[in-house]
Structure formats: C-alpha cells, structure tokens
Amino acid sequence: MTDTKDLLRLLFRRDDIVAHISDGPIDIRSLTAAVDVSRPTVHRSLKSLQEHDVVTETPDGYRLTTYGQLVFDRYRSTLSEFETVHQNKSLLLALRDSAEISSDMLEGASYTRSLPFAPERPLGVIESVVREATTVRGFSPVIVGRYVSLFHDQLMTTTLDAEILTTPAVFEYLVSNWPDQLEETIDAGLSCLVVDDSLPFGLIVVDEPVERVCVIVYDDGTLRGVIQNDSPAAVQWARDFYESYRERATQPSINE
C-alpha cells in the first residue's frame, strides 16, 4: 500500500510531465520546454518515474511503459470521477443523510445541477427522459406545473405506459389545481398511487426503450438537480427502491 500511495503522490505532483510523455517519445529538452518546471526537477521526476517502472528511456526519448500507460490512464479516470463528485458537492449534500441511495446509483453517474442563471436546467433533462420513454414509473415528493403538462401531453399523444407514486398532499393539490388534466391523464392510462411515507427524493425508472434511472434532488421543495445512470446495477437498485414504496401504496379516488 505504501508503494501505491507513493506512486499516486508522484503522479499527482508530476501529472503534467507524465501527460507529455504519454503523447509519445519525447527528449528531455523538449519535455523541459513543455512543462513549467526546472530542468533539475524534470531529471528528478524522470528518475522517480523510472524507479516506479512508469517511464523508460529509449533512443527516441522517454516514453511510458505498458504498465505506466495503464497506471496513468486509471489515475486520470479516477481523478476525473473524483472531480465530478466534488463539482457536484452541493447537489449531493442536498440529499438527506438518511436517503438510501446505493453506491451503484452514484458510480459512473452524470449530474445536472440547477444554476443561478439557469434554475430550470434539470427540468429539461427530466422532460427529455420522459419524452424518450415508452415505459416509465417513479415517484415525486413535490408537484411542478411542467410535470403535469409533460405527463398529460405524453399520455394523450403517445403510447406511454406510466405509473407515478406521490404523497396524499401532492395528490390533493393536483386534484385542486389541475382536475381536468389529471382526470384526462388517468383516463389515458396513467396509474397514480399515493403513499403515506415521506419520499426522500424524486425517482424516474425507465424500462423501455433504454433502461435508465434519474434521481431528482430537492432541497426544501426547490429543485437542485438530477443524477442519471444507465448501468444495470443502478437500474436494479432503482427498481427495488421503487417497489419498496409501491408495496405500501394505495390507489386514490379523484372524487374524494
């Protein structure tokens, strides 16, 4: 483990040098000119990289070994994933600490955050996902007017198969504010269920034509962003998580 940590520290400190070497054989003069460090520093770095078998010297210059190329590719990939998570820190912190989101959902996920100058940016993602779907199910702890129009339009004009689960308060608000659209949507095939449990976030599970999952993050009712994943593990987690709420849900009456 010590050797691994030493290598990671070396790659982090000399990322620029390794990156230039990874482009192909390069002589020390060209390498020194390409990076913003002194020639002695380049020499010391090359010596350390050679000691770790990352770099080798050839008649054409320094190049990465096969091992070194694989190590550097993995390092860059891991760093990129770390940066993605860090950039979306505010979105992840908006999730409840008790929210049971599996690491399978977050591994390799893509993120779309609300921005100060584009607060409805995640809504575009949600609309695109639903419009492309032929079979969708999910739940939502809040109601947004664009959600109502989206599902109404899709169910009235396409063959969308949809099941949506929400809370009694949200359903009552739907009945009070969009009674005609709600009734038309249900008549067109929407299966609407309610559950007394508090819903930790929004969830969309698309089964067809392409399996994918969206976790919709809210903070005190305000949309903060969307986390998407299409890995089999993420889809399976989402299905199981949805079913854990669905099994306790009931079908409400629109006339109550």
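Bear in mind that the values in this text are calculations on the coordinates, not laboratory data. These figures come from a predicted structure and were not determined experimentally. For neighbour counting, all protein chains shown are included, and Cβ atoms are generated from backbone atoms with ideal geometry for every residue, glycine included.
Things to note:
- Highest-fluctuation residue, Thr84, Thr32, Thr222 considered, GNM on the chain with Cα pairs under 10 Å: Thr32
- Rounded, prolate or oblate (a/c below 1.5 giving rounded, otherwise prolate when a/b exceeds b/c) for segment 123-203 by Cα gyration tensor: oblate
- Here segment 57-168 is assigned +1 on the Cβ of each Lys and Arg and -1 on the Cβ of each Asp and Glu. Its dipole about the Cα centre then comes out at about 280 debye.
- Cα-centred dipole magnitude for segment 2-82, charges only on beta-carbon of K, R (+1) and D, E (-1), debye, nearest 20: 240 debye
- Computed over the Cα atoms of segment 1-135, pair by distinct pair, the Kirkwood hydrodynamic radius stands at 18.2 angstrom.
- Label-point separation in nm, Glu83 to Thr158, each point 7 Å along Cα→Cβ: 3.4 nm
- Mean separation of Cα contacts under 8 Å (6+ apart) over length of the chain, as relative contact order %: 18 percent
- When only the Cβ of Lys, Arg, Asp and Glu is charged (+1, +1, -1, -1), the dipole of the chain relative to its Cα centre reaches about 1400 debye.
- Each listed q (0.09, 0.17, 0.18 Å⁻¹) maps to a log10 I(q)/I(0) for segment 75-212, found by the Debye formula over equal Cα scatterers with no solvent: -0.32, -1.06, -1.16.
- Candidates Ile21, Ile216, Ile227, ranked by Gaussian network fluctuation over the chain, Cα under 10 Å, top entry: Ile21
- Centre-to-centre separation between the Cα atoms of segment 34-84 and those of segment 145-193: 56 Å.
- Within a Gaussian network of the chain (alpha carbon springs, distance under 10 Å), most fluctuating of Tyr173, Tyr67, Tyr75: Tyr67
- The calculated 222 nm mean residue ellipticity attributable to helices in the chain amounts to -15500 deg cm²/dmol, summing -39500 (n - 2.57) over DSSP H runs of n ≥ 4 and dividing by all residues.
- Candidate values (1) 61; (2) 54; (3) 69, label of the one derived for percent of Cα pairs over 23 Å apart: (1)
- Note: segment 2-82, Cα convex hull, 88 Å³ per residue.
- Segment 9-32 and segment 205-221: distance between their alpha carbon centers, rounded to Å: 42 Å
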